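Here you go, one structure.
The values are calculated or read from the model by the stated rules, or taken from the named source; none is laboratory data. Please read all numbers here as calculations on a predicted model, not as lab measurements. Don't worry about glycine lacking a Cβ; one is built from the backbone with ideal geometry, like all the others, and counts go over all protein chains shown. Heavy atoms of the whole protein, side chains included, go into the accessibility calculation; ligands, DNA and RNA do not. Shrake-Rupley method; radii C 1.70, N 1.55, O 1.52, S 1.80 Å.
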Amino acid sequence: MRKPVGNSWIVAGVLLALVLGTAQSARGAPPRYTPDWLSLDSRPLPAWFDEAKFGVFVHWGVFSVPAWGSEWFWWHWQGEGQLGYQLFMRDNYPPSFTYGDFGPQFTARFFHPDEWAKLFQAAGAHFDIHRYVVFTTKHHEGFTNWPSPVSWNWNSKDVGPHRDLVGELGAALRKRNIRYGLYHSLLEWFHPLYLLDKKNGFKTQHFVSTKTMPELYDLVNSYKPDLIWSDGEWECPDTYWNSTHFLAWLYNDSPIKDEVVVNDRWGKNCSCHHGGYYNCQDKFVPESLPNHKWEMCTSLDKWSWGYRRDMKLADVLSESEIIAELVQTVSLGGNYLLNIGPTKDGLIIPIFQERLLAVGKWLQVSGEAIYASKPWRVQLEKNETSVWYTSKDSAVYAIFLQWPEGEVLYLKSPKATSTTRVTMLGLEGDLKWSKDAYEDLRISLPQLPPSALPVEFAWTVKLEGVK
């Protein structure tokens, strides 16, 4: 070791550090985020998420075995003691049957990840945009769909499928250039350490340090997800969950620090206030254009996120309902995350497949108005039909949900110029247009039978050269 000479080495070292630090800043070195919301909320959202617009949510776990009521089966049965659930268990299972006994029946026997990935790709159509899928790694029941090192004998490698479901699906999706998001519940209803912390008024963090945080770090390091969809936060503040410390590591030092996206469910004080993009609440839709990126998550089954054997046809969103929600969400600057629940065997039932393929078919024609679009200065216009607007570069897209009588579409918001051009996505040629006495656009739609139109509902007119 070199012997220091006076204080000159210290002074020189300090000056050198200052010079190097200044040079690093000048080169645009990425900022270091501190574990507080003021710093974490300043992180720009990676661009891929806003461009994606549409994603598929997958709720799959041990709750897919009873497949009755909802994915909250265990809580409704034994946490709340709801009579309907108790009668269901009495009528269908022996008296000594526990929720843990469902685990070995979660077989995933017909789970073929490449087939799932092919379906999800078709649901998003074939545009050169990173679509995304969010997969349940662990719901509130605590069962993990990967070999979690802190979930002994309650994970998909030890029990049931004896497979790493998270890893297998991730590999299949990435072969198709689909972004991979991981849903993870912070809480577990009946974990002894969580119940102990709850008994202590959440002034202890035995569960967080032993279970929640080790699992989050393991998921990030093992699977390098593009998105972390956090949930199960509502009973405790973010300080109990150590959320800000995890996110600071995620943004600064994790292997996915540049591309990862997170939502806002990191503590009971966070929803719609802190995090990456906002979910706010399930099936949330704002009344007007928010000033923050958001996502609407909804389920094909109106009453459950997990698969239900007692689901009826009327319980499933129709194609037109899905498209209308997608259009409204994107017009208001959001992403649309549509959920399916596979069976315990790993099958996606035909009606769910049909709905996803219908979305893909519509996007094949109308995706230009959806993917990588931006909200326009006007989002919604109502006259004879509901019209939602999006924009991209200099083009404006008017998506109308009902076909107007007389094959004439009136638009008040766009102002025509000498260079205005009007076309319909999916059809060749320009549409004739004129201005009425109020300077509104009067667009003559093609007089075609419904079977000859490019889509069955939610048609898109592209406007170029308008103000």
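Residues in the range 347-362 that are within 20 Å of Asp114 (Cβ to Cβ), open to solvent by less than 40 Å² (accessible area, probe 1.4 Å) and not hydrophobic (A, V, I, L, M, F, W, C): how many?
Matching residues across the range 347-362 total 1.
Looking at the range 70-94, which of its residues are among the small types (Gly, Ala, Ser) and part of a loop (DSSP other than H, G, I, E, B)? Talk me through it step by step, then tell me what you get.
Kept after step one, since they are among the small types (Gly, Ala, Ser), are these residues of the range 70-94: 70, 79, 81, 84.
Listed by number, the residues that qualify are Ser70, Gly81.
Please enumerate the residues belonging to the range 87-110 that are more than 33 Å from the chain's Cα centre (by Cα) and open to solvent by 80 Å² or more (accessible area, probe 1.4 Å).
Arg90, Asp91, Asn92, Pro95, Ser96
Here's a follow-up. Looking at Lys283, Lys344, which is the one that is in a loop (DSSP other than H, G, I, E, B), open to solvent by 50 Å² or more (accessible area, probe 1.4 Å) and at positive phi?
Lys283
Does Ser391 count as modelled with pLDDT under 95 and more than 18 Å from the chain's Cα centre (by Cα)?
no
What single numbered condition from (1) closer than 22 Å to Tyr99 by Cα; (2) in contact with a helix residue (DSSP H, G or I) (Cβ under 9 Å, 6 or more places away or on another chain); (3) among the polar types (S, T, N, Q) fails to hold for Asn177?
In the conditions (1) closer than 22 Å to Tyr99 by Cα; (2) in contact with a helix residue (DSSP H, G or I) (Cβ under 9 Å, 6 or more places away or on another chain); (3) among the polar types (S, T, N, Q), Asn177 misses (1) alone.
Given the structure, is Ser413 out of contact with any Cys (no Cβ under 6 Å at 6 or more places or on another chain), among the hydroxyl-bearing types (Ser, Thr, Tyr), open to solvent by less than 40 Å² (accessible area, probe 1.4 Å) and over 13 Å from Val461 (Cβ atoms)?
The answer is no for Ser413.
Among the residues of the range 308-341, which ones are assigned to a helix (DSSP H, G or I) and either closer than 16 Å to Ser70 by Cβ or open to solvent by 10 Å² or more (accessible area, probe 1.4 Å) (or both)?
Within the range 308-341, Leu313, Ala314, Asp315, Glu319, Ser320, Glu321, Ala324, Glu325, Gln328 meet the criteria.
Of everything in the range 240-270, what is of a type in the set (S, T, N, Q), open to solvent by 10 Å² or more (accessible area, probe 1.4 Å), at pLDDT 95 or above and not in a helix (DSSP H, G or I)? Give them in sequence order.
Keep residues of the range 240-270 that are of a type in the set (S, T, N, Q), which gives 242-244, 252, 254, 263, 269.
Going one step further and asking which of them are open to solvent by 10 Å² or more (accessible area, probe 1.4 Å), we end up with 242, 244, 252, 269.
Adding the requirement that they be at pLDDT 95 or above leaves 242, 244, 252.
The one that is of a type in the set (S, T, N, Q), open to solvent by 10 Å² or more (accessible area, probe 1.4 Å), at pLDDT 95 or above and not in a helix (DSSP H, G or I): Asn242.
Check the range 39-57 and report whether any residue there is over 23 Å from Tyr251 (Cβ atoms), modelled with pLDDT of 95 or more and out of contact with any helix residue (DSSP H, G or I) (no Cβ under 6 Å at 6 or more places or on another chain). Can you show your working first?
Within the range 39-57, the subset over 23 Å from Tyr251 (Cβ atoms) is 53-54, 56-57.
Going one step further and asking which of them are modelled with pLDDT of 95 or more, we end up with 53-54, 56-57.
In the following step, the residues that additionally are out of contact with any helix residue (DSSP H, G or I) (no Cβ under 6 Å at 6 or more places or on another chain) were identified as 54, 57.
Yes, the range 39-57 contains a residue that is over 23 Å from Tyr251 (Cβ atoms), modelled with pLDDT of 95 or more and out of contact with any helix residue (DSSP H, G or I) (no Cβ under 6 Å at 6 or more places or on another chain).
From the set of residues in the range 368-386 that are part of a loop (DSSP other than H, G, I, E, B) and charged (D, E, K, R), which is surrounded by the most Cβ atoms within 10 Å (Cβ to Cβ)?
Glu384
Would you point out which residue out of Val387, Val396, Val408 is of a type in the set (Val, Ile, Thr) and in contact (Cβ under 8 Å) with a residue 40 or more places away in the chain?
Numbers: Val387 fails: in contact (Cβ under 8 Å) with a residue 40 or more places away in the chain; Val408 fails: in contact (Cβ under 8 Å) with a residue 40 or more places away in the chain.
The conditions single out Val396.
Something else about it: Among (1) buried (at least 21 other Cβ atoms within 10 Å of the Cβ); (2) under 20 Å from Pro35 (Cβ atoms), which single condition is Pro237 missing?
All conditions are met except number (1).
Go through (1) in a loop (DSSP other than H, G, I, E, B); (2) open to solvent by less than 10 Å² (accessible area, probe 1.4 Å); (3) not aromatic (Phe, Trp, Tyr) for Ala117 and report which single condition fails.
Among (1) in a loop (DSSP other than H, G, I, E, B); (2) open to solvent by less than 10 Å² (accessible area, probe 1.4 Å); (3) not aromatic (Phe, Trp, Tyr), Ala117 violates only (1).
On to the next question. Return yes or no: is Gly81 at positive phi and surrounded by fewer than 15 Cβ atoms within 10 Å (Cβ to Cβ)?
yes
Filter the range 192-234 for residues that are assigned to a helix (DSSP H, G or I), in contact with a Leu (Cβ under 7 Å, 6 or more places away or on another chain) and open to solvent by less than 20 Å² (accessible area, probe 1.4 Å) and give the result.
Tyr194, Phe207, Lys211, Thr212, Leu219, Val220
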